[in-house]
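Working notes, beginning with the structure itself.
Values in this text are rule-based calculations from the coordinates and carry no lab data. Keep in mind it's a predicted model, so treat the numbers as computed, not measured. Because the Cβ atoms are built from the backbone with ideal geometry, glycine has one as well, and the counts that use them run over all protein chains shown.
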Protein chains: 2
Amino acid sequence: MSQFQPTERTQVKRLPKRGRYDRETVFQILDSAFVCHVGFNVDGQPYVIPTNYGRSGDTLYLHGSSASRMLKTLGAGVPVCVTVTHIDGLVLARSAFHHSVNYRSVVILGTARLVDDPAEKMEALRVFTEHVLKGRWVDVRHPSEQEMKATSVLALPLEEVSAKVRTGGPVDDEADYALPVWAGVLPLETVAKAPEPDALRKSDLPLPAYLKNYSR
Amino acid sequence: MSQFQPTERTQVKRLPKRGRYDRETVFQILDSAFVCHVGFNVDGQPYVIPTNYGRSGDTLYLHGSSASRMLKTLGAGVPVCVTVTHIDGLVLARSAFHHSVNYRSVVILGTARLVDDPAEKMEALRVFTEHVLKGRWVDVRHPSEQEMKATSVLALPLEEVSAKVRTGGPVDDEADYALPVWAGVLPLETVAKAPEPDALRKSDLPLPAYLKNYSR
């Protein structure tokens with residue numbers, strides 16, 4: 001797959017060998033998470049808010065209540081930063097200094113566009129639901145006209161994008177390898193536990209296939 | 001424990017019943033994670049960068065290479081936002097609209113202070129290491145003078161702080177409870193897998209106790 005063009009703002013300067021700009025890496029990181037952290041300014045104060053997202057091609061969709069400060073601020077067309085991070089493990093070196101974390105992250109800079117067109121908006125909500133849980137959209141009641149009005153959808157083009165990836169074991173100073181300190185990686189993973197049916201259900205329904213063996 | 005005083009900027013306005021301001025909730029959220037997302041501005045563009053942190057009392061410590069843009073920017077005393085988020089589960093409602101996520105998040109606003117005092121700086125690095133892996137500090141080689149110079153430590157006071165928490169099952173529209181749609185919660189959890197000893201080790205060492213049954 002093709003590359004995103006690094007810019008002065010997205011070129012990874014610290015530890016540049018961790019920087020990645022290819023769509024394959026960026027899309028894998030975006031598609032295997034579903035919560036991002038959105039950064040924006042209000043009166044010069046940065047805010048960082050966790051929220052869900054979906055991706056369709058080179059567009060990232062955000063959504064929320066039409067009444068929310070974040071959606072109103074971003075809908076006005078201000079600079080935004082969206083960051084998605086996976087933590088894959090603790091990297092335990094022989095010195096405190098060389099401790100690290102294995103991670104994969106994507107940083108997107110740009111300006112979001114409010115999605116007005118009802119067809120694109122409905123499609124974005126489908127993308128959204130399917131991004132979190134593939135197969136869910138056909139099962140559920142779709143948004144009513146009133147629910148569509150209560151929801152704002154933002155589209156952020158994937159143009160100024162970079163990824164940063166650290167993998168592998170610790171890198172210690174040569175002299176430290178002789179120290180009697182356990183070193184290596186503690187892998188971390190997000191797993192799903194047993195689904196918990198709603199206590200308010202009217203009847204028991206079979207568990208949908210997409211909830212058995214859920215993993216990202 | 002006592003409360004943080006909500007301000008105009010930290011009072012949770014959307015879904016205010018999810019807002020929490022007590023130290024107990026805030027500290028539990030901060031202490032059970034170790035990666036935060038830091039928001040700051042460079043030339044009016046917000047950036048959101050994932051990084052490690054540690055907490056000591058009402059102070060959050062950040063650190064990084066003295067050469068990094070984030071550390072240099074924040075060390076100059078600009079407004080910052082630090083957000084910590086746990087994702088606890090997918091909340092599956094009968095309508096697309098009422099789908100949600102169970103989460104716990106903390107948002108801290110303020111201005112960070114560069115830690116210059118060598119004793120406080122060393123203590124912050126201890127807090128840091130212990131925050132990620134309790135028991136690790138006594139095992140490892142401590143930072144040399146040169147490593148201390150290469151590291152910047154920032155202290156962010158926990159003053160303007162709020163937490164937001166969602167728990168429990170879906171809340172559906174009354175009419176939707178009759179729909180034949182599986183509804184409930186899919187709990188998510190971060191777990192540690194088997195520790196992987198460094199391939200470059202000179203000898204096999206017993207696994208430290210803090211790596212058996214690691215959980216946050």
Query raised in the report: For the stretch B:14-35, how many residues are out of contact with any Pro (no Cβ under 6 Å at 6 or more places or on another chain) and at the interface with another protein chain (Cβ under 7 Å from one of its Cβ atoms)?
Result: 1
Report summary line: When every residue in the stretch B:56-96 that is closer than 23 Å to A:ASP88 by Cα and among the β-branched types (Val, Ile, Thr) is compared, the one farthest from the chain's Cα centre (by Cα) is B:ILE87
Query raised in the report: aromatic (Phe, Trp, Tyr), under 15 Å from the mean Cα position of the chain (by Cα), more than 14 Å from B:ARG113 (Cα to Cα) and more than 9 Å from chain A (Cβ to nearest Cβ), is that true of B:TYR53?
Result: yes
Query raised in the report: Are any residues in the stretch B:181-209 more than 7 Å from every other protein chain (Cβ to nearest Cβ) and closer than 21 Å to A:TYR103 by Cβ, and if so, which ones?
Result: B:ALA194
Query raised in the report: Does the stretch A:171-216 hold any residues that are in contact (Cβ under 8 Å) with a residue 60 or more places away in the chain and in a loop (DSSP other than H, G, I, E, B), and which are they?
Result: A:VAL171, A:ASP172, A:ASP173, A:LEU179, A:VAL181, A:TRP182, A:ALA183, A:PRO208, A:TYR214, A:ARG216
Query - Matching entry among A:ARG113, A:ARG126, A:ARG69 (being in contact with a Phe, Trp or Tyr (Cβ under 7 Å, 6 or more places away or on another chain) and surrounded by fewer than 22 Cβ atoms within 10 Å (Cβ to Cβ)) - result: A:ARG126
Report summary line: Checked against (1) among the aromatic types (Phe, Trp, Tyr); (2) within 16 Å of the chain's Cα centre (by Cα); (3) farther than 30 Å from B:TYR214 by Cβ, A:TYR103 satisfies every condition except (3)
Query raised in the report: Can you pull out the residues in the stretch B:109-131 that are β-branched (Val, Ile, Thr) and touching a helix residue (DSSP H, G or I) at 6+ places or on another chain (Cβ under 6 Å)?
Result: B:VAL115, B:THR129
Requested in this report: Could you check B:MET122 against (1) touching a residue at least 60 places away in the same chain (Cβ under 8 Å); (2) aliphatic (A, V, I, L, M); (3) more than 30 Å from A:HIS131 (Cβ to Cβ) and say which number it fails?
Outcome: (1)
Requested in this report: Tell me, please, whether a residue that is under 20 Å from B:ARG126 (Cα atoms) and touching a Phe, Trp or Tyr at 6+ places or on another chain (Cβ under 6 Å) can be found in the stretch B:10-32.
Outcome: no
Query raised in the report: Within the stretch B:143-156, restricting attention to residues that are at the interface with chain A (Cβ under 10 Å from one of its Cβ atoms) and surrounded by 19 or more Cβ atoms within 10 Å (Cβ to Cβ), which residue is farthest from B:VAL35 (Cα to Cα)?
Result: B:PRO143
Query raised in the report: If you scan the stretch B:58-79, which residues turn out to be away from chain A (no Cβ under 11 Å) and closer than 16 Å to B:THR129 by Cα?
Result: B:THR59, B:LEU60, B:TYR61, B:LEU62
Query raised in the report: Within the stretch A:157-167, is even one residue more than 9 Å from every other protein chain (Cβ to nearest Cβ) and under 22 Å from A:ALA96 (Cβ atoms)?
Result: yes
Requested in this report: Go over the candidates A:VAL101, A:VAL42, A:VAL48, A:VAL38 one by one and state the one that is facing chain B (nearest Cβ under 9 Å) and free of Cβ contacts under 8 Å to residues at least 24 places away in the same chain.
Outcome: A:VAL48
Query raised in the report: Does B:VAL106 satisfy being surrounded by 22 or more Cβ atoms within 10 Å (Cβ to Cβ), more than 9 Å from chain A (Cβ to nearest Cβ), assigned to a strand (DSSP E or B) and touching a helix residue (DSSP H, G or I) at 6+ places or on another chain (Cβ under 9 Å)?
Result: yes
Report summary line: Given (1) surrounded by fewer than 19 Cβ atoms within 10 Å (Cβ to Cβ); (2) free of Cβ contacts under 8 Å to residues at least 60 places away in the same chain, A:VAL140 misses just (1)
Report task. Please state which of the following conditions B:PHE128 fails to meet, knowing it meets all the rest: (1) assigned to a helix (DSSP H, G or I); (2) within 21 Å of B:GLN28 (Cβ to Cβ); (3) at the interface with chain A (Cβ under 7 Å from one of its Cβ atoms). Result -> (3)
Query - Qualifying residue in the stretch B:170-187 (condition: surrounded by 13 or more Cβ atoms within 10 Å (Cβ to Cβ) and either of a type in the set (S, T, N, Q) or within 19 Å of B:PHE34 (Cα to Cα) (or both)) - result: no
Report summary line: In the stretch A:176-207, anything over 17 Å from B:ARG136 (Cβ atoms), of a type outside the set (S, T, N, Q) and out of contact with any strand residue (DSSP E or B) (no Cβ under 9 Å at 6 or more places or on another chain) is listed as A:TYR177, A:ALA178, A:LEU200, A:LYS202, A:PRO206
